[in-house]
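The values are calculated or read from the model by the stated rules, or taken from the named source; none is laboratory data. In this text the structure is predicted, and so the values were computed from the model without any measurement. Cβ atoms come from the backbone with ideal geometry, glycine included; neighbour counts cover every protein chain shown.
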Amino acid sequence: MRAEFLLAMQDLCHDYDALFVLDEVQTGVGTTGKPWAYQHFGLEPDIVAFSKKVQVGGVMAGRRVDEVAENVFTVSGRINSTWGGGLVDMVRSRRYLEIIEQDGVIEQAAQRGEQFLAGLRELAQTHPISNVRGLGLMVAFDLENADVRDDVLTRLRNDEHVLALPSGERAIRFRPALTISADELEFALTALEKVLP
């Protein structure tokens, strides 16, 4: 259903002559096991905003932007410093991308994500967790209520030294580094099993 909704939104943008813009600040550059989350859904965005994993903010734009007269990519000063960055940022970001490609980090993130989801689904067989979901290393699950969730997060952090984040009314979400190892994920799953009710 998610893909159908996104494809319908893309079609609406094109039908009404609007650019289809996606925010990949949290999901881009491999987090979901593909370079861009939109690739999971067969989308073709006109503009994508990104940041975080390459430690520099940016936008990439497709050819439809050229149909807009005096767009921000052709008129000097239209985007100014918001996305400007500096030479050091550009060099560092390029090196990150080279390492990501050279070391197969995105493919590894996809494999580790499958491992993580499988481990969480196994925990769901014996513990009161539900709605295990995720793409790549962008993973979450629900507990019965916020009090249980908050207790699990506190014990996970204080007793097991594993960081996770609250989400919504009763969910726990994880955003591990793209380079997390299989052993580190097993450590997190074992820690989670210890603190789950």
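Residues in region 166-197 that are in contact with a Pro (Cβ under 9 Å, 6 or more places away or on another chain) and either surrounded by 14 or more Cβ atoms within 10 Å (Cβ to Cβ) or farther than 15 Å from Asp151 by Cα (or both): Ile172, Arg173, Glu184, Leu185, Ala188, Leu196. Only a single item in (1) at pLDDT 95 or above; (2) surrounded by 14 or more Cβ atoms within 10 Å (Cβ to Cβ) is not met by Asn158, and it is number (2).
The C-beta contact set for region 42-58 (first residue at negative phi, second residue in a helix (DSSP H, G or I) and not basic (Lys, Arg), distance under 6 angstrom, 6+ apart or interchain) comprises Leu43/Leu6; Leu43/Gln10; Pro45/Tyr38; Val54/Ser93; Val54/Tyr96; Val56/Asp89; Val56/Ser93.
Total residues in region 1-55 satisfying the condition of being part of a loop (DSSP other than H, G, I, E, B), surrounded by 17 or more Cβ atoms within 10 Å (Cβ to Cβ) and either charged (D, E, K, R) or not assigned by TED's automatic domain parsing to the domain that holds Arg95 (or both): the figure is 2. Residues in region 1-40 that are among the aromatic types (Phe, Trp, Tyr) and in contact with an Asp or Glu (Cβ under 9 Å, 6 or more places away or on another chain): Phe20, Trp36, Tyr38.
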